[in-house]
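Report on one structure; see the data block that follows.
The values are calculated or read from the model by the stated rules, or taken from the named source; none is laboratory data. Fair warning: this is a prediction, and the values are worked out from it, not measured in the lab. Glycine also receives a Cβ, built like all others from the backbone with ideal geometry; neighbour counts cover every protein chain displayed.
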Amino acid sequence: MSRIRLVLTMMLFIFFLAGFQEIKAQVKAGVRAGLNYPNISVLNLEDNNGFHVGTYLKISLAGIVALEPGIQYSHREFVSKAGSPSYKVDLNYLEMPLIFRLSIFPFVNIFGGPQPAVLVGKKVSGEGYFDSMGNLPHYEMGGVAGIGIKLPLGFNIQGSYDFGLSHLEDQAIKNRIFKLSLGKDF
């Protein structure tokens with residue numbers, strides 16, 4: 001839990017600093033939703049699509065630089081590949097990305113930053129047995145990196161790669177997810 005507290009403290013500190021900047025920052029709220037293409041490294045699981053949905057604040061700091069804290073719900077689904085009986089694992093996370101965006105062209109940006117996540121739900125179904133379910137941590141520290149494209153009318157699309165930095169259990173197993181998203185700034 002101390003990692004999550006550290007990240008939340010950092011986010012509050014950045015909000016505090018952004019509020020007292022001499023430069024007026026342009027702030028826009030937005031929503032984002034899309035598909036997850038999960039891949040848990042090391043495990044022999046077949047990937048199934050999940051989804052994510054959330055909200056964010058885009059704080060323009062200096063023309064080409066923006067800070068974007070957000071919160072989103074992310075559903076990840078995995079189906080066993082090996083033998084029978086098969087099983088399906090559903091994991092639900094509450095993610096809190098703190099993204100730094102850099103515009104490289106007027107309509108294209110690259111981004112990255114930390115992304116802590118809290119496991120809010122887990123379920124195994126099917127005839128098989130997934131013995132690692134009890135070992136899953138309740139929180140995970142990770143990061144996100146990607147590229148975004150601004151569209152007309154405040155819409156945007158982005159592709160991102162989320163990578164877990166903490167192990168999901170005692171072995172070297174970490175979450176890895178590719179996301180495709182559609183967003184709308186207000």
When residues of region 133-160 are limited to those that are in contact with a Pro (Cβ under 8 Å, 6 or more places away or on another chain) and closer than 13 Å to N175 by Cβ, the one modelled with the lowest pLDDT:
Y139
Would you list the strands (runs of 3 or more DSSP E) that sit entirely within region 27-102 and hold 2 or more residues that are modelled with pLDDT of 90 or more and touching a helix residue (DSSP H, G or I) at 6+ places or on another chain (Cβ under 8 Å)?
65-80
